[in-house]
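For reference, the structure is listed below as structure tokens.
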Amino acid sequence: MNTLVLAYLVMQFVTHWKCLGGVPQLVVVSLDGFPKEQLSRHPWEHLTWVYAHGSHPRRFINQFPTKSFPNHFSIATGLYQESHGVVGNTVFDPNLKRILTIKDHELFTQNPGVMPLWTLNEQLGGHSGCIMWPGCDGPFNGRNVTYWEPYRGNATLTELVDLAVKWLTDSMTPANLVFVYHNQPDLAGHVYGPDSSYYSDELKKVDAGIGYLFQMLQLRGLRQSVDVVILSDHGTASVSAQTGIIDLNTVLNRNCIPSPAPPRCLISGLFKKDLYVYAKLQNGSRANHYRVFLKENPHMQAWHYKDNPRISSITLVAEIGYVFQDFRKYIKGYQEEGYPGLTETFGDHGYEVDNPSMEPIFVAVGPSFRKKFIAEDFSNVDVYPLVCVLLGLPPGPNNGSLDAINTMLARSIPLQLMPPILVALGTLVLWMLLSTQVT
Ligand SMILES: [Zn+2]
């Protein structure tokens with residue numbers, strides 16, 4: 001067989017593949033701290049359109065604690081926090097004997113078997129891009145993503161969209177999976193609280209940024225081919241600096257370890273007499289707005305927040321709207337950074353998942369999704385198997401399920417998996433033809 005015939009076959013194959021929808025491309029946009037309850041509180045020019053043209057669940061369930069890094073990593077791995085090991089934004093690792101923050105990649109690599117979607121995609125020949133997504137800055141299984149943008153606190157959503165579209169349309173190595181992390185409206189929620197005008201202004205900017213994303217996809221001819229998932233990790237709740245701060249020093253003459261997680265407080269196993277400490281804390285909970293749990297408590301089991309040495313023997317959770325005393329450090333930080341218009345009202349998250357103000361958003365739109373469809377409740381660990389189906393990736397071990405999430409798909413899963421199967425078959429046929437020619 002001569003080279004021309006082989007080239008013709010390749011062209012036929014590529015054409016056929018494109019007819020089937022081409023190489024699937026997916027953009028996952030996380031709007032940190034976007035509470036679902038805000039959807040009914042404001043007029044939305046662009047998000048309303050997205051909801052009308054896509055699918056969403058009745059309730060999108062996040063993981064306890066309702067903090068950013070743990071939930072973003074659950075979305076990327078399909079694992080509960082006790083399984084992937086990112087059990088807080090900041091954790092004390094008893095094996096490493098030190099506190100890990102976002103600056104330490106070890107925060108994300110406690111479990112060596114964990115392979116986030118961006119790595120899985122790269123291993124299967126795809127090109128992944130991550131814009132500021134927690135955990136994506138370092139290698140997994142010895143592999144980095146093709147495209148990476150480090151965190152910039154002042155980056156606008158339109159800037160992030162421009163970057164994502166640039167990667168999707170790269171002529172040499174177009175990304176087929178892009179994770180976009182945006183730090184708003186979370187930041188505005190912390191500094192001003194969700195009932196402030198500053199917060200409303202930020203929501204308007206976020207909505208405009210979403211509009212810009214679809215405008216850019218349209219401009220580049222990608223609107224009909226790229227799937228877009230817009231989600232958040234948690235919501236936010238208003239906190240009064242005057243009445244909402246719980247000082248644990250009045251209960252237990254000791255600060256929480258590690259400290260920077262105000263609504264949730266881990267008392268580490270440094271205490272020898274856990275039960276004595278637990279009894280004192282429980283006694284203190286009668287006069288203060290928090291709950292205290294030993295690891296053995298059924299709640300901890302139900303939250304899948306138990307079986308990991310990074311989770312301490314005692315966990316405290318403040319009631320909604322209350323925080324522990326470490327929050328004062330954050331307030332001081334906002335004052336020192338010179339945010340205008342500061343009041344005595346701030347915001348925070350990390351509370352129990354069942355608080356309505358902690359509920360995040362999820363909406364998916366694009367060729368793979370049904371329009372104006374409402375699915376049953378599903379969890380953020382279910383996003384992992386969804387992405388695997390959309391991109392034809394073989395899922396690793398995960399806690400997710402497709403039971404509810406697959407009802408949003410425009411085509412059934414077997415049909416969804418047909419293109420990758422055809423590609424695999426096509427590649428095999430071409431390889432056989434090529435082998436015949438060589439020998
Ligand atoms: Zn936050």
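Can we say Val5 is at pLDDT 95 or above, of a type in the set (Val, Ile, Thr) and touching a Leu at 6+ places or on another chain (Cβ under 9 Å)? So Val5 fails the test. Yes or no: Ser232 closer than 26 Å to Asn380 by Cβ and more than 20 Å from the chain's Cα centre (by Cα)? Judged against the criteria, Ser232 is not a match. Of the residues making up the stretch 344-356, those that are in contact with a helix residue (DSSP H, G or I) (Cβ under 8 Å, 6 or more places away or on another chain), away from the ligand (no atom under 15 Å from the Cβ) and not in a helix (DSSP H, G or I) are Thr345, Glu352.
Restricting the search to the stretch 86-145, which residues are among the basic types (Lys, Arg) and closer than 22 Å to Ile311 by Cβ? So that I can check it myself, show each step before the final result.
Looking only at the stretch 86-145, we keep the residues that are among the basic types (Lys, Arg), and these are 97-98, 103, 143.
Selection gives Lys97, Arg98, Lys103.
Go through the residues of the stretch 155-162 one by one and say whether even a single one is more than 16 Å from the ligand (Cβ to nearest atom), within 26 Å of Val381 (Cβ to Cβ) and modelled with pLDDT of 95 or more. Among the residues of the stretch 155-162, at least one is more than 16 Å from the ligand (Cβ to nearest atom), within 26 Å of Val381 (Cβ to Cβ) and modelled with pLDDT of 95 or more, which makes the answer yes. Checking each residue in the stretch 180-203 for being in a helix (DSSP H, G or I) and either within 12 Å of the ligand (Cβ to nearest atom) or touching an Asp or Glu at 6+ places or on another chain (Cβ under 9 Å) (or both) picks out Asp186, Leu187, Ala188, Gly189, His190, Val191, Tyr192.
Scan the stretch 333-343 and give yes if some residue there is β-branched (Val, Ile, Thr), over 18 Å from Phe60 (Cβ atoms) and more than 15 Å from the ligand (Cβ to nearest atom), otherwise no.
If we filter the stretch 333-343 for residues that are β-branched (Val, Ile, Thr), which is where we start, we get 343.
Adding the requirement that they be over 18 Å from Phe60 (Cβ atoms) leaves 343.
Those left that are additionally more than 15 Å from the ligand (Cβ to nearest atom): 343.
Among the residues of the stretch 333-343, at least one is β-branched (Val, Ile, Thr), over 18 Å from Phe60 (Cβ atoms) and more than 15 Å from the ligand (Cβ to nearest atom), which makes the answer yes.
Could you say whether any residue in the stretch 90-113 is buried (at least 24 other Cβ atoms within 10 Å of the Cβ) and part of a helix (DSSP H, G or I)? Full working, then the answer.
Applying the first criterion (buried (at least 24 other Cβ atoms within 10 Å of the Cβ)) to the stretch 90-113 yields 91, 107-108.
Subsequent filtering for residues that are part of a helix (DSSP H, G or I) retains 107-108.
Yes: the stretch 90-113 contains one or more residues that are buried (at least 24 other Cβ atoms within 10 Å of the Cβ) and part of a helix (DSSP H, G or I).
Would you be able to say whether some residue in the stretch 133-149 is more than 17 Å from the chain's Cα centre (by Cα) and closer than 30 Å to Thr343 by Cα? No, because not a single residue in the stretch 133-149 is more than 17 Å from the chain's Cα centre (by Cα) and closer than 30 Å to Thr343 by Cα.
A residue that is away from the ligand (no atom under 16 Å from the Cβ), modelled with pLDDT under 95 and either within 20 Å of Asn89 (Cβ to Cβ) or not in a loop (DSSP other than H, G, I, E, B) (or both) can be found somewhere in the stretch 318-327. Of all residues in the stretch 274-297, those satisfying the criterion of being over 11 Å from Ile314 (Cα atoms) and in a loop (DSSP other than H, G, I, E, B) are Arg286, Ala287, Asn288, His289. Going by the structure shown, is Leu252 at pLDDT below 95, away from the ligand (no atom under 16 Å from the Cβ), farther than 26 Å from Phe69 by Cβ and part of a loop (DSSP other than H, G, I, E, B)? Judged against the criteria, Leu252 is a match.
Condition first: in the same structural domain as Thr119 (by TED's automatic domain parsing), in a loop (DSSP other than H, G, I, E, B) and within 16 Å of the ligand (Cβ to nearest atom). Can you find one or more residues in the stretch 361-370 that meet it? Break it down into steps so the answer makes sense when it comes.
The first filter runs over the stretch 361-370 and keeps only residues in the same structural domain as Thr119 (by TED's automatic domain parsing), leaving 361-370.
Remaining after also requiring in a loop (DSSP other than H, G, I, E, B): 361, 366-368, 370.
From what's left, within 16 Å of the ligand (Cβ to nearest atom): 361.
Yes, that holds for at least one residue.
Would you call Phe293 at pLDDT 95 or above and within 27 Å of the chain's Cα centre (by Cα)? No, not satisfied.
Among residues belonging to the stretch 69-95 that are at pLDDT 95 or above and hydroxyl-bearing (Ser, Thr, Tyr), point out the one that is nearest to Ala302 (Cα to Cα). Ranking the candidates gives Tyr80 first. Taken residue by residue, the stretch 128-147 has no member that is crowded, with 24+ Cβ neighbours inside 10 Å, at negative phi, part of a helix (DSSP H, G or I) and assigned by TED's automatic domain parsing to the domain that holds Val226. Report whether or not Thr66 is at pLDDT 95 or above, surrounded by 16 or more Cβ atoms within 10 Å (Cβ to Cβ), over 26 Å from Ala318 (Cβ atoms) and in contact with a helix residue (DSSP H, G or I) (Cβ under 8 Å, 6 or more places away or on another chain). Taking the combined requirement at face value, the residue does not satisfy it. Please tell me if Tyr305 is within 16 Å of the ligand (Cβ to nearest atom) and over 30 Å from Gln224 (Cβ atoms). In short, no.
The values are calculated or read from the model by the stated rules, or taken from the named source; none is laboratory data. Note that the coordinates shown come from a computational prediction; the quantities given were computed from them, not determined experimentally. All Cβ positions, even for glycine, are placed from backbone atoms using ideal geometry, and neighbour counts span all protein chains on display.
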